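Visitor: Here's a structure for you.
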Amino acid sequence: MATAVVTAIGAAHEAAVAATIGRVTGVRLVRRCADVADLLAVCGAGRADVALVSADFADLDRGAIATLRGAGTGLVGVHGPSAVEEREVLRQWGVPTRLRTDATPAEFAAAVSVAADTGDNPAEQQLPAERREESDADPIGEELAAMTSGSSYLPHNPFLEPEREERSAAPVVVVWGPPGAPGRTVLAVNLAGEAARLGVSTVLVDADTHAASVAQHLALLDEAPGVAAATRLADSGHLDVRSLAASCPQVSPGLRVLTGLPRADRWPEIRDDSLTAVLEQCRTLARLVVVDVAAPLEEDEELSYDTAAPRRNAAALAALRAATTVIAVGAADPVGLQRLVRGLEDLRAVRPDPPLVVANKVRAAAVGTGPEQRVTDALQRFAGVAQSRTIPDDRPACDGALLAGRLLAEHAPGSPARKAITSLAADLTGVVATTRRGWFAARR
Ligand SMILES: Nc1ncnc2c1ncn2[C@@H]1O[C@H](COP(=O)(O)OP(=O)(O)OP(=O)(O)O)[C@@H](O)[C@H]1O
Ligand SMILES: [Mg+2]
């Protein structure tokens, strides 16, 4: 049976490609799509085995490509003979089979056949070597490879899976916790700050789609481009290490920040596949990535039949799936601990491997005398947590740092909360903590 093909190609080359496809035996051109809605409707209805797409097709973006892939449509990217940028966009969208628009009917036949066979699993798509276009020469890929070589920095890290230590990309530490403001942002911000202070360059990403607040904690301007700009770049296929660095200002030596959404109602801007691409790129920009995410973990499609609709919790889920280390932080009071115990069950559905559990705001007034031991015992007993960390309740230091928009290391370097976070950062990074005071002075 003939392979059903649709085109979604910019006006400059669409007619020529359609004419070539018309000469390919075993392939039937079922539609020349007018726009992205048309493309998604045809493929969503299962009427196409393969879509021929180009980066200059109006409004086509990473999200649409992901939807096509989800529908099981095979993809072949086409680009003008000298359109290097368009080819790079296709590569970033994860369209591995790419052809020049002036390819021969035989080359189109081979590409369509490979795409039809491998469907929505792009990793398996391989064109015969002689038919692959010049994509093997990938200047940006080479640049990234040069930047990341030798960046596996963790000499011995108890919290990272052994196989991940081998990878040259930076580890991703996601700070998650159940609802009730247990201190996710305080921990993420200060963990990132302490890691940078220990000499480990760090990107801090605010991926909280419910109540982003990293910018406020660090007194950064709301207008900073941040995560929305970076995901937009990923959507359009223009995310690379340079454009990411431009979205991600350095706020102190070794610490870059990708600020969160300035308004919570902009959450649909952060799609999971775009955030995954951003986090992957962050791993090439620094030696550690720390991500602050929101609490809710429900998969929204369980609540809605529209699986193509944006999902608010998808950012947290995508970050957790991309994490090399997950920190689960809970408030050390009866309500907070109960939420943490239940939250750990929910987390297990997303990540079966145990997280690093941190009890925050530990104080005798909330749980009784010997609060650290009580909290540790409770987590062991009710959640089977063999090893947990505690951070003392330290309202003066945390309030003061937030008011000043500064890190604990800057505002209250000797505070108990800061010391606990320094020790955690040292363990995570495998770097011995020092007390180099004033190191952050350059930020102000
Ligand atoms: N160890 C601590 N001691 C005292 N107060 C703390 C501590 N950690 C965090 N806080 C305070 O708890 C409040 C909530 O912290 P934070 O904003 O980090 O929570 P969150 O989990 O990110 O909440 P949200 O749901 O808003 O994202 C803040 O006022 C913060 O200063
Ligand atoms: Mg927060």
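The values are calculated or read from the model by the stated rules, or taken from the named source; none is laboratory data. This is a predicted model, so every value here is computed, not measured. Glycine also receives a Cβ, built like all others from the backbone with ideal geometry; neighbour counts cover every protein chain displayed. Only protein heavy atoms, including side chains, enter the accessible area calculation; ligands, DNA and RNA are left aside. Shrake-Rupley method; radii C 1.70, N 1.55, O 1.52, S 1.80 Å.
Visitor: Identify, by number, the condition in (1) away from ligand 1 (no atom under 15 Å from the Cβ); (2) crowded, with 20+ Cβ neighbours inside 10 Å that residue 424 doesn't meet.
Guide: (1)
Visitor: While we're here: Anything in segment 352-370 that is closer than 14 Å to residue 336 by Cα and either open to solvent by less than 60 Å² (accessible area, probe 1.4 Å) or touching a Cys at 6+ places or on another chain (Cβ under 9 Å) (or both)? List them, or say none.
Guide: Scanning segment 352-370 gives 357, 358, 359, 360, 361, 362, 366, 367.
Visitor: Now for a separate question. Filter segment 120-147 for residues that are of a type in the set (Asp, Glu) and not in a loop (DSSP other than H, G, I, E, B); which is modelled with the lowest pLDDT?
Guide: Pass one, segment 120-147, residues of a type in the set (Asp, Glu): 120, 124, 130, 133-134, 136, 138, 142-143.
This time we only want the ones that are not in a loop (DSSP other than H, G, I, E, B), so: 124, 130, 134, 136, 142-143.
Values: 124: 38, 130: 29, 134: 40, 136: 40, 142: 41, 143: 36.
Only one residue tops the list, namely 130.
Visitor: Report whether or not residue 239 is in a loop (DSSP other than H, G, I, E, B), under 14 Å from the mean Cα position of the chain (by Cα), at pLDDT below 95 and farther than 30 Å from residue 401 by Cα.
Guide: The answer is yes for residue 239.
Visitor: Among the candidates 420, 433, which residue alone is in the same structural domain as residue 178 (by TED's automatic domain parsing) and modelled with pLDDT of 95 or more?
Guide: None of the other options fit; the residue is 420.
Visitor: Please work out which one of (1) within 16 Å of ligand 1 (Cβ to nearest atom); (2) of a type outside the set (D, E, K, R); (3) more than 20 Å from residue 181 (Cβ to Cβ) is the condition residue 325 fails and give its number.
Guide: (1)
Visitor: Pairs please, first residue from segment 382-400 and closer than 13 Å to residue 362 by Cα and within 16 Å of ligand 2 (Cβ to nearest atom), second anywhere and basic (Lys, Arg) and open to solvent by less than 40 Å² (accessible area, probe 1.4 Å), Cβ atoms under 9 Å, 6+ apart in sequence or on different chains.
Guide: The qualifying pairs do not exist here.
Visitor: Still on this structure, please answer the following. Would you kindly identify the helices (runs of 4 or more DSSP H) lying entirely within segment 46-119 that contain at least 1 residues that are under 25 Å from the mean Cα position of the chain (by Cα)? Spell out how you get there, then give the answer.
Guide: Details: elements: 62-70, 84-92, 105-118.
It comes to 62-70, 84-92.
Conditions tested, residue by residue: (1) over 25 Å from residue 337 (Cβ atoms); (2) at pLDDT 95 or above; (3) within 15 Å of ligand 2 (Cβ to nearest atom); (4) assigned to a helix (DSSP H, G or I).
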| site | (1), (2), (3), (4) |
| --- | --- |
| 163 | yes, no, no, yes |
| 182 | no, yes, yes, no |
| 195 | yes, yes, no, yes |
| 204 | yes, yes, yes, no |
| 235 | yes, no, no, yes |
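Visitor: Please list, ordered by residue number, the helices (runs of 4 or more DSSP H) wholly in segment 262-378 having 2 or more residues that are under 18 Å from the mean Cα position of the chain (by Cα).
Guide: Output list reads 272-285, 314-322, 334-350.
Visitor: Return the residue satisfying two criteria in turn: it lies in segment 1-36 and is part of a loop (DSSP other than H, G, I, E, B) and aliphatic (A, V, I, L, M), and of such residues it is surrounded by the most Cβ atoms within 10 Å (Cβ to Cβ).
Guide: 9
Visitor: Going by what's in this entry, would residue 334 be described as closer than 17 Å to residue 373 by Cα and in contact (Cβ under 8 Å) with a residue 12 or more places away in the chain? Quick ask: steps written out before the conclusion?
Guide: Working: closer than 17 Å to residue 373 by Cα: yes; in contact (Cβ under 8 Å) with a residue 12 or more places away in the chain: yes.
Considered against the rule, which asks whether it is closer than 17 Å to residue 373 by Cα and in contact (Cβ under 8 Å) with a residue 12 or more places away in the chain, residue 334 comes out as yes.
Visitor: Among the listed residues 227, 214, 251, which satisfies the condition of being more than 16 Å from ligand 2 (Cβ to nearest atom), in the same structural domain as residue 402 (by TED's automatic domain parsing) and hydrophobic (A, V, I, L, M, F, W, C)?
Guide: Selected residue: 251, the only one of 227, 214, 251 that is more than 16 Å from ligand 2 (Cβ to nearest atom), in the same structural domain as residue 402 (by TED's automatic domain parsing) and hydrophobic (A, V, I, L, M, F, W, C).
Visitor: Here is a follow-up. Please state which one of 416, 392 is near ligand 1 (Cβ under 9 Å from one of its atoms), open to solvent by 40 Å² or more (accessible area, probe 1.4 Å) and not polar (S, T, N, Q).
Guide: 416
Visitor: Can you confirm whether residue 219 is farther than 23 Å from residue 296 by Cβ, assigned to a helix (DSSP H, G or I), more than 12 Å from ligand 1 (Cβ to nearest atom) and assigned by TED's automatic domain parsing to the domain that holds residue 253?
Guide: Against the criterion (farther than 23 Å from residue 296 by Cβ, assigned to a helix (DSSP H, G or I), more than 12 Å from ligand 1 (Cβ to nearest atom) and assigned by TED's automatic domain parsing to the domain that holds residue 253), residue 219 does not qualify.
Visitor: Further question: Which numbered condition in (1) more than 16 Å from ligand 2 (Cβ to nearest atom); (2) surrounded by 15 or more Cβ atoms within 10 Å (Cβ to Cβ); (3) in contact (Cβ under 8 Å) with a residue 40 or more places away in the chain is the only one that residue 349 fails?
Guide: (2)
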